[in-house]
Amino acid sequence: MEILITRPEIAIDMFLPIFVVSTLVLVFGVGYAALITLSKMGYFSKKWMPLGYIFWALQTYCLYDLSVMIQSEPFTSKVLMIAMVAYLFVPHLYFRLIEDTDERYKDTHTTSNKI
Amino acid sequence: MANENLSVWTSIPFWRRSAAWVTGFASILLIWLTFDTLGQISMGTDEDLKAGTIKRVPAPTVINYNIDYQMSKKRGHEVPIIGAKEPFFGKEWSVEEAAELLHLGKLTSQSKNCMNCHTLLGNGAYFAPDLTKAWLDPMWSDKGPMMPMTGKSTREEAMAEFLINPSQYPTHARMMPNLGITADEAKGLVAFLKHMSSIDTNGFPRNFSKTAEQFKLGVSHAH
Amino acid sequence: MLTSIKTNSFTNEGQRLGMMYYRVAVILFGAQLLMGLIAAIQFLVPGFLFEIFDFSVARMVHINALVVWMLYAMIGSVYMMITDETGLETINIGLGKIAFWILTVAVTIVVLVYIFVQVGAGTEESIWLIHEGREYIEAPRWADIGIVVVVLIFYWNVFATYIKGTQTGIMTVMVANLLALAGLYLAGMFFTDNISMDQFWWWWVIHLWVEATWEVFVGTLAAYALIRLIGAKREIVEMWLWIEVLMLFGSGILGMGHHYFWIGTPEYWWEIGALFSALEPVPLIAMFVHVLYDWGKEQGAAHARGETASVITNGPAMAWIVTNAFGNFLGAGIWGFFHTLPQVNIYTHGTQFTAAHGHLAFFGAYATILIGMMYYGVQKANGIERMKMTFKTKMGIFLITFGVMGMTIALTIAGYEQVLVERAELGATWNGFFVAQELAWYVQAQTWRTVMGVVTLIGFVYLVWDLLTIGKKTQEVEA
């Protein structure tokens with residue numbers, strides 16, 4: 001059998017940081033998406049947008065930290081970082097989608113089953 | 001609205017088609033991988049064992065062999081090692097006998113509801129020890145406490161005796177209840193456990209062999 | 001008080017049958033909580049009901065009652081919405097009612113056998129008549145076949161009505177998804193001596209239910225509820241539903257890989273499982289933002305029209321659905337993600353971590369929205385225009401949510417201790433298991449879990465009390 005991915009040992013005192021960091025990845029991720037979308041929609045002031053980007057930066061850092069802590073291969077770490085750059089655009093695309101949908105369906109008032 | 005330039009991104013049919021394509025693609029990939037996996041996890045044959053061909057799930061006659069679980073440098077985790085022949089309940093089991101015994105053991109493991117206290121391959125309830133490598137557990141070795149406690153001289157006999165009268169041999173306040181397991185069913189269960197310990201689980205549970213090794217050297221885990 | 005269940009102003013037979021399913025679901029929910037409490041006590045007091053009603057029995061009934069009450073509430077919800085969506089009375093509803101009674105009698109017999117017979121001999125007969133001993137799908141083979149027959153009747157009701165009536169996007173997703181949901185059950189109906197093969201197909205049922213088809217079901221219910229409860233626009237809701245289906249199936253189907261790390265299956269599942277299960281939280285985030293967004297938008301539009309009242313026509317149902325949006329993300333998303341990567345999972349697999357994730361995910365993703373649908377049923381049953389939350393509604397939501405969160409956190413602490421001591425240090429041996437079980441951190445965590453279980457049970461009492469009385473009370477206020 002050819003050599004497969006090796007699974008290095010995780011030190012006992014590394015488990016807590018790993019769990020905390022993986023939670024933070026998702027928490028910052030939601031925070032970023034929510035802040036950008038909500039401030040673009042006008043529920044929040046635009047002042048909050050920079051904080052959203054800070055969340056994105058923190059999320060990227062946490063994900064990088066996680067990949068180091070669980071001893072991912074260098075290739076995997078690079079893929080993750082590229083994914084994070086892609087994630088920078090997601091809330092903007094999401095917002096565009098919401099805006100365009102509202103625009104397109106603004107004259108329809110269907111709540112019943114008749115389309 | 002024909003003159004309005006409608007974006008595809010807000011079109012319901014576009015998302016409906018995309019959802020169908022993605023779901024279909026994921027399902028086909030899963031089915032394809034399933035065929036590959038089923039080939040790899042179907043039981044080996046007695047010939048494989050004799051020839052030393054490594055199968056992820058060996059034939060039932062693996063109960064006639066010594067089984068170990070050791071660190072493999074190549075794979076970076078522990079793997080089961082099938083060694084020399086050794087008697088199981090004092091004899092060598094033929095292909096038919098071994099298959100029948102394993103069948104009885106698997107049936108018993110389900111009808112006695114093992115999985116709702118123990119974990120098997122890590123799945124089940126979390127009230128009692130994981131059984132994935134239970135056959136190899138140092139508790140049952142000749143240096144462990146269970147052989148003298150049950151008054152038996154082999155691993156399999158000690159395990160069978162324990163399974164028949166579990167609450168007579170308590171090791172902790174939390175005990176295994178008496179489930180009415182007969183002598184034959186107990187033999188079957190031990191065969192089932194020995195067979196499970198020979199399955200290649202990609203190194204789960206980790207560090208099991210290290211602990212077993214320390215146990216042999218007499219290092220205690222008193223906390 | 002009890003007259004409120006009898007009062008009904010349902011406008012169609014489907015809703016009446018849906019309500020019958022809800023009633024059984026609530027009873028089974030109660031049974032689930034009681035059994036959970038017994039099992040929790042057995043962690044602390046090992047002698048409790050020893051060799052009378054052992055942990056394995058309590059636990060089996062605990063998780064089976066869970067699965068069955070959810071299936072009941074799901075079937076109930078489909079009957080609840082079918083006429084609204086298709087514009088037709090359910091076709092062959094009489095057959096549906098007979099199926100309901102067959103299923104209920106069968107479930108009763110199965111539960112009584114679990115409780116009084118408990119275990120059988122190691123023979124095929126035990127598998128056919130007592131239980132199959134496979135976590136979550138323990139139902140004996142005879143009941144499996146019965147379930148298939150009943151589900152076929154139910155599916156016929158839904159499918160025939162769908163084909164004849166208006167085919168909305170919501171119903172299209174529902175009909176396709178139900179077919180997958182029902183078909184997958186067949187993967188769990190055979191016996192094999194090969195434990196790896198056994199667990200391989202077992203996950204086809206369990207995973208493709210709870211991480212794919214049930215999630216899509218929830219998305220469909222949420223879409224329907226948003227239209228009914230806050231008057232969201234159908235076009236927007238349906239477009240998002242298709243996007244959710246895309247993301248849920250796109251990540252969930254191959255996310256199956258995270259169950260194939262250690263059961264004898266090949267190594268390539270590590271990469272597949274890690275990649276796709278890391279994507280699984282993405283649709284949950286989208287669902288979360290979408291629910292809040294629609295709510296904000298409809299309320300904003302109402303204000304713009306000069307209306308001051310809330311757009312919500314059913315306060316309790318909406319409150320539970322918002323809890324669902326949070327709970328789904330927290331339980332399935334966060335608690336799922338932090339032990340799903342193989343590097344970490346080799347240590348956490350089969351510890352209390354799994355239990356923590358299971359409690360919050362089943363509650364957050366499924367219990368919440370199904371309870372919301374029950375409130376919707378109560379509203380329909382009493383012909384109420386606008387239903388507001390009562391003190392009991394709030395107590396129910398607060399205590400149940402607080403209790404489940406508390407149990408989850410306690411179990412996470414227990415799981416963390418187990419990972420360090422039993423797994424990382426002592427390699428999951430018999431001795432390692434018990435050393436970890438007896439440390440103070442673990443015992444205290446289990447104590448808190450039990451306390452929080454009692455809190456949940458008190459919340460459940462408020463919930464049932466509210467479901468029984470809220471309709472009558474609102475009617476009086478409206479009159």
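The values are calculated or read from the model by the stated rules, or taken from the named source; none is laboratory data. Since the structure is predicted, the reported quantities are computational estimates derived from the model, not experimental observations. Note: ideal-geometry Cβ built from the backbone for every residue, glycine included; neighbour counts use all protein chains shown. Keep in mind that these areas ignore ligands, DNA and RNA; they rest on the heavy atoms of the full protein, side chains included. Shrake-Rupley method; radii C 1.70, N 1.55, O 1.52, S 1.80 Å.
Summary table below
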read-out: Subset of the range B:110-137 that is farther than 22 Å from B:GLU213 by Cβ and assigned to a strand (DSSP E or B) - its residue that is nearest to the other protein chains (Cβ to nearest Cβ); value: B:THR119
read-out: Test: residue in the range C:140-161 that is surrounded by 21 or more Cβ atoms within 10 Å (Cβ to Cβ), within 14 Å of chain B (Cβ to nearest Cβ) and touching a helix residue (DSSP H, G or I) at 6+ places or on another chain (Cβ under 8 Å); value: yes
read-out: Test: residue in the range C:277-284 that is more than 12 Å from chain B (Cβ to nearest Cβ) and under 24 Å from C:ALA410 (Cβ atoms); value: yes
read-out: Residue match in the range C:50-69 (condition: outside any helix (DSSP H, G or I) and among the aliphatic types (A, V, I, L, M)); value: yes
read-out: Near pairs, Cβ below 6 angstrom, 6+ apart or cross-chain, from the range B:35-61 (closer than 19 Å to C:TRP204 by Cβ) to any residue that is basic (Lys, Arg); value: B:GLN40/B:ARG56; B:ILE41/B:ARG56
read-out: Tally, over the range B:45-70, of residues that are under 22 Å from B:PRO205 (Cα atoms), surrounded by fewer than 16 Cβ atoms within 10 Å (Cβ to Cβ) and either among the β-branched types (Val, Ile, Thr) or within 14 Å of chain A (Cβ to nearest Cβ) (or both); value: 1
read-out: Residue in the range C:227-236 that is touching a helix residue (DSSP H, G or I) at 6+ places or on another chain (Cβ under 9 Å), within 10 Å of chain B (Cβ to nearest Cβ) and over 30 Å from C:GLY300 (Cβ atoms) present; value: no
read-out: All helices (runs of 4 or more DSSP H) inside the range B:138-218 with 1 or more residues being over 30 Å from A:ILE10 (Cβ atoms) and open to solvent by 60 Å² or more (accessible area, probe 1.4 Å); value: B:146-150, B:155-164, B:183-197
read-out: Within the range C:182-223, considering residues that are buried (at least 18 other Cβ atoms within 10 Å of the Cβ) and β-branched (Val, Ile, Thr), the one farthest from the other protein chains (Cβ to nearest Cβ); value: C:VAL218
read-out: Residue check, C:GLN167 outside any helix (DSSP H, G or I) and either away from chain B (no Cβ under 11 Å) or buried (at least 17 other Cβ atoms within 10 Å of the Cβ) (or both); value: yes
read-out: Failed criterion for C:PHE326 (all others in (1) touching a residue at least 12 places away in the same chain (Cβ under 8 Å); (2) of a type in the set (Phe, Trp, Tyr); (3) open to solvent by less than 40 Å² (accessible area, probe 1.4 Å) hold); value: (3)
read-out: Helices (runs of 4 or more DSSP H) contained entirely in the range C:337-417, each with at least 1 residues that are under 17 Å from the mean Cα position of the chain (by Cα); value: C:352-361, C:368-381
read-out: Lone unmet requirement of (1) within 11 Å of chain B (Cβ to nearest Cβ); (2) modelled with pLDDT of 95 or more for C:MET70; value: (1)
read-out: Subset of the range C:88-147 (residues that are among the small types (Gly, Ala, Ser) and within 27 Å of C:MET19 (Cα to Cα)); value: C:GLY94, C:GLY96, C:ALA99, C:ALA106, C:ALA139, C:ALA143, C:GLY146
read-out: Any chance C:ILE272 is open to solvent by 10 Å² or more (accessible area, probe 1.4 Å), more than 7 Å from every other protein chain (Cβ to nearest Cβ), touching a Gly at 6+ places or on another chain (Cβ under 7 Å) and part of a helix (DSSP H, G or I); value: yes
read-out: Residue match in the range A:9-26 (condition: of a type in the set (Asp, Glu) and within 14 Å of chain B (Cβ to nearest Cβ)); value: yes
read-out: Residue match in the range B:98-120 (condition: under 20 Å from the mean Cα position of the chain (by Cα), open to solvent by 20 Å² or more (accessible area, probe 1.4 Å) and among the charged types (D, E, K, R)); value: yes
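Every residue, every condition in (1) hydroxyl-bearing (Ser, Thr, Tyr); (2) away from chain B (no Cβ under 13 Å); (3) open to solvent by 30 Å² or more (accessible area, probe 1.4 Å), yes or no:
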position	(1), (2), (3)
C:HIS62	no, no, yes
C:THR90	yes, yes, no
C:GLY96	no, yes, no
C:THR104	yes, yes, no
C:GLU124	no, no, yes
